[in-house]
Every structure is written in C-alpha cells, then in structure tokens.
1. Using the number of other C-beta atoms within 10 angstrom as an exposure proxy, rank Glu50, Glu212 with the fewest first.
2. If packing is taken as the average number of other Cβ atoms within 10 Å across a peptide's residues, how do 311-320, 238-247, 37-46 rank, most packed first?
3. What trypsin sites (Lys or Arg not before Pro) in the range 96-127 are in a loop by DSSP, with at most 11 other Cβ atoms within 10 Å of the Cβ?
4. What does the C-alpha gyration tensor say about the overall shape of the range 109-191? Classify as rounded when a/c is under 1.5, otherwise prolate if a/b is larger than b/c, or oblate.
5. Quick check on my link table: of Lys206/Lys319; Lys114/Lys198; Lys299/Lys338; Lys114/Lys166; Lys159/Lys205; Lys198/Lys250, which ones sit more than 25 Å apart, alpha carbon to alpha carbon?
Amino acid sequence: MAKTPTPTPLQLILRDLLILSDSLEIYPWRNLTAVFGDISSWNCNAPRSEYKLLQPSKLSNGDLLEYLAEAYIPVYKPSPSCIPVPKTGKKRISFNKEAWFFINGVATNKEIAKWNGQRLVDLFHRPITVLHNPTDTLPVDLVECVLDRTFDWTTDPVKFSIEPIKKALEEKEKVVVITHSQGSIIMSRVLKQLSEQKDENEICKKDLEKLEIYTFACPADEMSSIKKSCDGLGLKYMEHFANTHDLVAKLGVLRITEHEQFSTGLWGDLIKCVFSETTKIFGDKFFNVDISGKLYIRKHSGHLLNAHYLDEFTTLPYKSDNSADARLYEYLGGSSPKN
C-alpha cells in the first residue's frame with residue numbers, strides 16, 4: 001500500500017486557501033456580516049461592546065482613530081503583556097485557589113482587550129488576567145496565525161503566554177483559559193509545549209489536570225496538538241463556542257466532520273470537486289479538523305467576542321445537540337461546577 005505523502009509548506013498553504021475559499025460566500029455583504037455581524041448588533045450601548053468605539057465621545061477624544069492606527073498602520077508595536085482585570089460586584093467569594101486567563105484575537109489593542117476582560121469578569125465574577133496579544137496590524141496578525149496554525153511555529157505571543165499559565169498550574173488548584181479567535185491558535189501551541197515539557201519532566205501531569213480551556217470562534221486547523229495534548233496531558237474539560245455564520249470559525253472548529261458546512265450552488269460543487277481530487281492525493285484526512293472537546297453552536301452571525309458571542313451569554317444560547325449543558329455556563333454569576 002502506497003504511503004500518503006507528507007504535504008510540503010506550499011501544499012499546506014494551498015490547502016488553507018481552499019478552506020478559505022469554501023468558507024467565503026459569493027455575496028460580499030454576507031462575508032462582512034460573518035465578521036462584523038448584522039447591523040442590529042452594532043449597538044454602541046451594549047455591555048462592553050466593541051462598537052462603543054463608534055460612540056460620539058469615543059470619536060471626539062480620538063479613541064477610534066487610535067484603534068485604527070494601531071490595527072492598520074504599520075508602526076512599532078508593544079510586546080505582549082499581562083493586563084489584570086479585578087473582580088467586580090459585592091459578592092465576597094474568594095477565588096484565590098483559581099487562576100483565570102484570557103487570550104485575545106487579531107486586531108486587538110489594549111483598550112479592546114480590557115473590554116473583553118471586563119466583560120468576562122462581569123459574566124463570571126472572577127478576576128481575570130488578560131494575556132494581551134497586541135495587534136501588529138491586521139496583515140501581520142494574520143501572518144502570525146498562519147505561522148502558528150499551519151506551520152507550527154512558535155511566535156512571540158505563544159512564548160509569552162506559556163509562562164504565566166505554567167506558573168499558575170504549579171501554584172493553583174484550577175486554571176481556566178478562555179480564548180478568542182487567534183488566541184485559540186496560540187493556546188493550541190501552548191498545549192503542545194506543555195506536552196513536550198511533561199515528557200521532559202519539567203511539568204507534572206497532576207498539574208496539567210487542573211487546566212480547563214474554553215474557546216470562542218476557534219480558527220485552528222486540525223489542531224492535532226490539542227488532540228494529542230488532551231490524550232497525553234489528561235485535560236478534563238475543553239469546550240468550544242461558535243456562531244454558525246462566523247467566517248473565522250468556519251476555518252476551524254466548524255469544520256469538524258459532524259458540523260462541516262460546504263458552500264452551496266455551482267461554487268460549492270466546484271469546491272467539493274477540488275476537495276475530492278485533493279484527498280485522493282494526500283489522503284482522506286488532508287482537510288480534516290480534529291479538535292477534542294465539545295462544540296456548542298448558535299445560529300448567529302459575527303466574530304467579535306463581546307458584541308457577537310458574549311452579548312447574550314447568560315441566556316445559554318450555545319447548544320450541543322439542542323442541549324445547553326456547557327460546563328462554562330456553570331461558572332456564570334460567580335457559581336462553580338459541582339464537580
């Protein structure tokens with residue numbers, strides 16, 4: 001039996017371009033809503049919404065212009081940093097035995113990262129440390145995604161994130177990491193490094209069992225590092241949340257076999273034909289996404305964390321097989337899972 005050839009870097013890039021082609025829609029406005037959501041979601045007054053940047057006050061004091069400059073004009077960018085977001089509310093419950101982290105996605109400056117962190121604190125009533133992955137402008141951010149996702153490189157955000165997570169695993173009884181978009185790719189690389197360190201006896205398996213991971217709009221490819229890590233690290237809890245009409249999620253978590261969504265019409269037929277012929281060369285698993293953990297989906301559009309994912313999270317909108325049994329829901333309002 002002939003051995004399936006190992007894809008070259010160029011072939012991997014072509015594979016991802018095909019996946020992107022399948023994820024895009026013929027009508028341009030549908031691709032826009034798949035990232036920015038329907039106009040109804042552009043609510044400047046929604047809790048911590050990214051669209052607060054459109055408020056007159058933000059326009060007048062230059063916050064919007066500052067964000068656009070950071071996200072789209074190539075200039076010197078800051079290094080990754082920790083942003084502590086303290087617990088809010090009057091509840092005096094102590095969470096000293098837990099450590100919660102959040103890793104943000106592309107085109108996120110410090111202001112937006114803080115809003116993401118504050119929204120998570122509002123929901124879960126825990127102090128959260130934002131492991132800020134600063135934007136190096138959107139084009140460079142996307143290159144970082146390709147390097148980490150496709151070629152398994154270790155970029156600066158990965159190198160930065162692993163140390164505080166590793167330290168927390170050594171000191172705390174529970175470590176929760178929430179990721180959005182590119183942050184999920186970063187976390188998959190962190191997991192791979194933790195797996196290697198476990199094999200080298202630099203970190204104990206008992207510590208790794210404390211780790212829980214929750215992703216939003218995960219765009220990683222087959223995510224074999226997470227699959228292998230879950231098997232080898234003994235991770236007990238990993239959940240993924242995705243909007244069905246989110247272009248970024250379509251590149252990753254929405255491509256797992258039972259939820260795969262091919263394009264329709266003539267374009268869809270062409271893509272299916274190309275996929276079929278390509279798998280004959282590189283094997284049936286060439287385009288597969290293999291992500292461990294449970295997927296919770298919602299019929300919704302948009303990619304922004306606060307505006308499109310956390311906007312109605314307290315109503316438990318994400319379901320798996322029509323069941324809203326996500327473990328992450330059990331942390332809402334400062335509560336804790338029973339096990």
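Nothing in this text is a laboratory measurement; each read-out follows from the coordinates by a stated rule. Quick caveat, the model's predicted, so the values are computed rather than measured. Cβ coordinates were reconstructed from backbone atoms using ideal geometry, including for glycine residues, and neighbour counts include every protein chain displayed.
1. Numbers: Glu50 24, Glu212 21.
Arranged by neighbour count, lowest to highest, Glu50, Glu212 become Glu212, Glu50.
2. In decreasing order of mean packing, 311-320, 238-247, 37-46 become 238-247, 311-320, 37-46.
3. Loop-located and lightly packed - Lys97.
4. oblate
5. Going by Cα-Cα distance, Lys206/Lys319; Lys114/Lys198; Lys299/Lys338; Lys198/Lys250 fall outside the 25 Å limit.
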